[in-house]
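A.B. asks: Okay, here's the structure, questions in a sec.
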Amino acid sequence: MEEAALAKSIAKILDDKKAYDIVALNVGQLTVITDYMVIASGRNVLQTRALADEVDDKMAEMGVPLRTREGYQEGRWIVLDYGTVLVHIFHPEAREFYHLERLWSDGTNQIDLGLAAEDGE
């Protein structure tokens, strides 16, 4: 699957599972770490874990292997590494503190996800 399509698929999975404030960024020109980042928030630790589980399950069904998963135990900032796409799932307070969009957005690299609630709720 093409990287942008994979990022959009992950965003859709998160949206379907009621994540909010979902953002996808094309960061390939800014870093060698990955090509895309999908950033989303859950309302609490239980939901962040459920969101991570759902993404992981759906990606496995699609044959996309998970390279690493970090932060699952704490559930405040979970990172799922699919190689060309990094998924960041935040507890609201951690999202506000780290504000990854500010670090990785250059003003032109946000992907239009076409989600009904892209404005945050």
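No lab work stands behind these numbers, since they all come straight from the coordinates. As the structure is a prediction and not an experimental result, all values here were calculated from the model. In this analysis, Cβ positions are derived from the backbone assuming ideal geometry, glycine residues included, and neighbour counts consider all displayed protein chains.
A.B. asks: Return the long-range amide H neighbours of residue 77 (sequence gap of 5 or more, or a different chain), with a cut-off of under 5 Å between placed amide H atoms.
C.D. replies: 91
A.B. asks: Okay, next question. Of the residues 60, 52, 24, which exhibits the maximal mean-square fluctuation in a Gaussian network model of the chain defined by a 10 Å Cα contact cut-off?
C.D. replies: Among 60, 52, 24, the largest GNM mean-square fluctuation belongs to 60.
A.B. asks: Right, something else. Which of 39, 22, 111 ends up with the largest GNM mean-square fluctuation for the chain, with Cα atoms connected below 10 Å?
C.D. replies: So, out of 39, 22, 111, the one fluctuating most is 111.
A.B. asks: All other residues with a Cβ under 9 Å from the Cβ of residue 91 taken together, and with Lys, Arg as +1 and Asp, Glu as -1, what is their net charge? Present the calculation step by step, with values, prior to reporting the outcome.
C.D. replies: Numbers: positive: 43, 76, 95; negative: 74, 93.
Result for the local shell: +1.
A.B. asks: Arrange the following residues from fewest to most other Cβ atoms within 10 Å of their Cβ: 77, 104. Before the final figure, lay out each step's value.
C.D. replies: Working: 77 18, 104 21.
The fewest-first ordering by Cβ neighbours comes to 77, 104.
A.B. asks: Give, in nm to one decimal, the length gained when the segment between residue 70 and residue 115 is fully stretched (0.36 nm per residue of separation minus the Cα-Cα distance).
C.D. replies: Details: separation 45, 0.36 × 45 = 16.20 nm, distance 2.65 nm.
The span from residue 70 to residue 115 would gain 13.5 nm if fully extended.
A.B. asks: What percentages, rounded to whole numbers, describe P(r) for the range 3-104 computed over all alpha carbon pairs with 10 Å bin width beginning at zero?
C.D. replies: Each 10 Å bin holds this share of Cα pairs: 17, 55, 27, 1.
A.B. asks: Ok, one more. What aspartates and glutamates could a cross-link reach from residue 18, if we take a straight Cα to Cα line under 14 Å and drop same-chain neighbours fewer than 8 places away?
C.D. replies: Straight-line reach from residue 18, under 14 Å: 53, 54, 118, 119, 121.
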